There are 2 protein chains.
Amino acid sequence: MTNLDTLLPSLEGIETITEPNQVAKLSQDYHSFSPVLVPKLAGKVGDIVVRPANEAEVIKVAAICAAQRIPITVRGAGTGNYGQCVPLHGGVILDTTKLQEILWVKPGVARVEAGVKLAALDKKAREIGWEMRMAPSTYRTATIGGFVAGGSGGIGSIQYGLLGDRGNLLGLRVVTLEEAPRIIELRGDDVQKVNHAWGLNGIITEVEIPLGPAYPWAEVIVTFDDFITAAKFGQSLANADGMMKKLVTIFASPIPQYFPPLQPYIPAGTHPAFLILAEPSLELLPGLVEQYGGKITYQKPAKEAGKGLNLAEFTWNHTTLHARNVDTAITYLQSMFPADQSLQLVADLYHYFGDEVMIHLEFIRVNGAVVPAALQLVRYSTEERLNEIIRYHEAKGVFIANPHTYIIEDGGRKVIDPEQLKFKEIVDPYGLMNPGKSKVLEGIGDRGQGTGDRQR
Amino acid sequence: MTNLDTLLPSLEGIETITEPNQVAKLSQDYHSFSPVLVPKLAGKVGDIVVRPANEAEVIKVAAICAAQRIPITVRGAGTGNYGQCVPLHGGVILDTTKLQEILWVKPGVARVEAGVKLAALDKKAREIGWEMRMAPSTYRTATIGGFVAGGSGGIGSIQYGLLGDRGNLLGLRVVTLEEAPRIIELRGDDVQKVNHAWGLNGIITEVEIPLGPAYPWAEVIVTFDDFITAAKFGQSLANADGMMKKLVTIFASPIPQYFPPLQPYIPAGTHPAFLILAEPSLELLPGLVEQYGGKITYQKPAKEAGKGLNLAEFTWNHTTLHARNVDTAITYLQSMFPADQSLQLVADLYHYFGDEVMIHLEFIRVNGAVVPAALQLVRYSTEERLNEIIRYHEAKGVFIANPHTYIIEDGGRKVIDPEQLKFKEIVDPYGLMNPGKSKVLEGIGDRGQGTGDRQR
């Protein structure tokens, strides 16, 4: 237990929160999507929230935590789903949301403080014709530092791949957890030392990130009578290198029932595609839709962006959010299908599980190829059955990045990046950062079926 | 033989050329790259060159040719390599190079007259931060109408695929060959009725084409001691979805000997990669180069674009041009390897043919995947041996688009698109356009080994 009487005076001048309800709230993320994680993380709260307003204050907090050996868990907006920013051993919650300066934006590149919201960067970048290459469905609230520390990709990954792909992250500025904290700038491949390391090895204070051209984006819903046909349409559109898009999402019926505002556009029993396409490519869509026997039921031109419905907010993990708003017994998987134009495995699993595992595909680029990722909705019964479902998928060749664990190695990478461990030794010599999240660091063995989140 | 005494007065007010040397020159393209085509097309010249200055004049020429049943062969800058614009039956050469108006350029899209040079459109588009998505190595002189009628892709295809891919061509305005010519605007998938139809079915007067963002492009040469390693590096860079590039070219030694100005950067016996990368991605290159044991020997920043060496002009079919400048006994193939990350077939053919077939890879996107296309340099001995080489490649699974035929069906598509034939019936009822280039239209049988050009 942190001695707040010692700590608080040393933090003078920096915003702190000690009111228990607020601290409890800021100890949470959206791991509530997982009925497995909820009991495991219940009651895990920090002792105090600290909100530095600039890097100098971050350095001060880091120095104090190092000197007083206080655990520190860094959070952005807390939109993660793996308990990444839930403090397992109390201590300081370092909330980065006041680090909101957009340092500069130029054509193709931006540099921002870690607490900048993704939507805020987008807004600024669009003034000069650019935007973030990719963003999770939580982009309205999520911070860029949180996205780097705990995210992996999202809307835009159909064009640019995942955040961890070479070139999608240019620089990270990191404060070390030492009595005399250092500032380290990571560039080139070195950004991978901290990318998606869950705040285990240094406090990210600045992010330099490449931008993509801000096309005029239109939103479209296309419906199909048959799920596999819908999926094949998705693959075909995703493959169309001449059509610029940032979202190709396919939902198996009955998922759309969880989207009440979209009911007018999705006849019962049909399987929709949710698309975001550059308007210059839009004219080519009807020919492709016709080829697959689909029907365009909704279209919103780019000039109405920001008004009315926002399709992106029904995709990626927001799909799960909407489903759980209707039925809290629903949870989800994160997975990646192998590159196979026939989508045979998608079809097999669709038929095998029926409505127990409702397929939600997100097409993305992976290492130069277009593959369907999936965030299947699962009608949860027991942890055993959930693990059985996961094992069945894995046995068939689907890569599962289990979102029902808070252990980083059990995530998508299966092992913690040795470079990240080496970097941790340098920047966090006392092992204070986000303790309890790594098997290797805790010296614990394999926990069995836990298999983590879907990151590289 | 066209009766010029009848024709010339009717063309009054329109620029015409009848001086035999000039007409002969304007009856040629770069099929001289093929020792097979040269004798077959020798002596094929038009009777007159007509240079309309605007669409009204194009309509006038079309009406006259239709009324007087005069064959008409449309040409841009004549930078093709298949004899596409060589008139087999005399008649009128319609030279489009005076149709030079850039009608409009807006973010992501442009509309231009057919005779606009690719470089001119690029220059204009860059004023607002955009550029052509792809261009052949002849972009300084080639016209956009010629590119659509006879080209297929090039520098930029690593990002956007080929010109025939859905979305890379938005609209075509075509004048029919009738006594009362009509103007037809083709949009959506209908552009394929005329795209790459070699001017057989209508005179393209305007082209609407999507643009890509004009990144600050840097040029880089990387050398490798081993060809297969160089090729694997190329595949790996081409696969890197987060790194924006428009050229990934790999040359087997001894091809670089044909590039005298580049000798200082390519040690003898090494196998170079020629790259054009967006500067925000450049910082990620050294890590990848190191991984494959390569060496960066040349780098030109974007701010020096247009000065000094221009790597693009040594790639695609300019490679063949440079090789033939040194050794006229060299010819080439056009081909596409199957998607296979191991590049086993590339390695097999490299070892099998040795210096007789010098491998020149151009990585491109095809239907959502990154594959190596190739324009191998061939030390020509006889037509029989050339065909034997082609057959060997085909038997191994390499798709060969033989550039040693002037028959459209023998090209990459193997059959003429039935939609193009249907459209020809509508727009060219008298069969006057570029006669002699299609087996189907001439009612002739299979010519044996001829297998055409490399499109779609």
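Side notes on the structure shown:
- Single residue of the range A:326-342 satisfying the filter (surrounded by 18 or more Cβ atoms within 10 Å (Cβ to Cβ) and either closer than 15 Å to A:GLU394 by Cα or not polar (S, T, N, Q) (or both)) that is farthest from the other protein chains (Cβ to nearest Cβ): A:ILE330
- Scanning the range B:110-131 for residues that are open to solvent by 10 Å² or more (accessible area, probe 1.4 Å) and within 14 Å of chain A (Cβ to nearest Cβ) yields B:ARG111, B:ARG126, B:GLU127, B:ILE128, B:GLY129, B:TRP130.
- Taken together, A:ILE184, A:ILE158, A:ILE93 contain a single residue that is within 14 Å of chain B (Cβ to nearest Cβ), in contact (Cβ under 8 Å) with a residue 24 or more places away in the chain and outside any loop (DSSP other than H, G, I, E, B), which is A:ILE158.
- Filter result for B:GLY287 (within 14 Å of chain A (Cβ to nearest Cβ), in contact with a strand residue (DSSP E or B) (Cβ under 6 Å, 6 or more places away or on another chain), at pLDDT 95 or above and in a helix (DSSP H, G or I)): no
- Residues of the range B:249-284 that turn out to be within 14 Å of chain A (Cβ to nearest Cβ) and part of a helix (DSSP H, G or I), as a count: 4
- Candidate set: the range B:355-385, residues that are free of Cβ contacts under 8 Å to residues at least 40 places away in the same chain and more than 14 Å from every other protein chain (Cβ to nearest Cβ); chosen: the one surrounded by the most Cβ atoms within 10 Å (Cβ to Cβ): B:VAL357
- Residue in the range B:203-216 that is under 18 Å from B:TYR292 (Cα atoms) and either of a type in the set (Ser, Thr, Tyr) or modelled with pLDDT under 95 (or both) present: no
- Residues that are part of a strand (DSSP E or B), within 14 Å of another protein chain (Cβ to nearest Cβ) and of a type in the set (Asp, Glu), drawn from the range B:204-248: B:GLU208
- Positions within the range A:404-422 being open to solvent by less than 20 Å² (accessible area, probe 1.4 Å), modelled with pLDDT under 90 and within 14 Å of A:SER335 (Cα to Cα), in sequence order: A:ASP410, A:GLY411, A:GLY412
- Failed item in (1) open to solvent by less than 30 Å² (accessible area, probe 1.4 Å); (2) not assigned by TED's automatic domain parsing to the domain that holds B:TYR350, with B:PRO254 passing the rest: (2)
- Annotation note: of A:GLN263, A:GLN235, the sole residue that is of a type in the set (S, T, N, Q) and open to solvent by 10 Å² or more (accessible area, probe 1.4 Å) is A:GLN263.
- Here A:LYS300 fulfils each of the conditions (1) away from chain B (no Cβ under 14 Å); (2) buried (at least 16 other Cβ atoms within 10 Å of the Cβ); (3) closer than 21 Å to A:MET358 by Cβ apart from (3).
- Hits in the range B:435-452 - residues which are at pLDDT 65 or above and within 20 Å of B:VAL36 (Cβ to Cβ): B:GLY436, B:LYS437, B:SER438, B:LYS439, B:GLU442
- From A:LYS307, A:LYS245, residue being open to solvent by less than 40 Å² (accessible area, probe 1.4 Å) and in contact with a strand residue (DSSP E or B) (Cβ under 9 Å, 6 or more places away or on another chain): A:LYS245
- Within the range B:140-171, tally of residues that are touching a Lys or Arg at 6+ places or on another chain (Cβ under 8 Å) and open to solvent by less than 20 Å² (accessible area, probe 1.4 Å): 14
- Checked across the range B:318-325, the condition of being more than 14 Å from chain A (Cβ to nearest Cβ), hydrophobic (A, V, I, L, M, F, W, C), closer than 30 Å to B:SER34 by Cβ and part of a strand (DSSP E or B) holds for no residue.
- Matching option when the condition is over 21 Å from B:LEU321 (Cβ atoms), part of a helix (DSSP H, G or I), over 15 Å from the mean Cα position of the chain (by Cα) and among the hydrophobic types (A, V, I, L, M, F, W, C), among B:VAL148, B:VAL191: B:VAL191
- Counting only helices (runs of 4 or more DSSP H) that sit completely within the range B:1-82, those holding 2 or more residues that are free of Cβ contacts under 8 Å to residues at least 12 places away in the same chain and open to solvent by 30 Å² or more (accessible area, probe 1.4 Å) correspond to B:4-10, B:20-25, B:37-41.
The values are calculated or read from the model by the stated rules, or taken from the named source; none is laboratory data. Keep in mind the model is a prediction, meaning the values are calculated, not measured. Here Cβ is always computed from backbone atoms with ideal geometry, including for glycine, and neighbour counts include all displayed protein chains. To get the accessible areas, we keep the full protein, side chains included, count just its heavy atoms, and leave off ligands, DNA and RNA. Shrake-Rupley method; radii C 1.70, N 1.55, O 1.52, S 1.80 Å.
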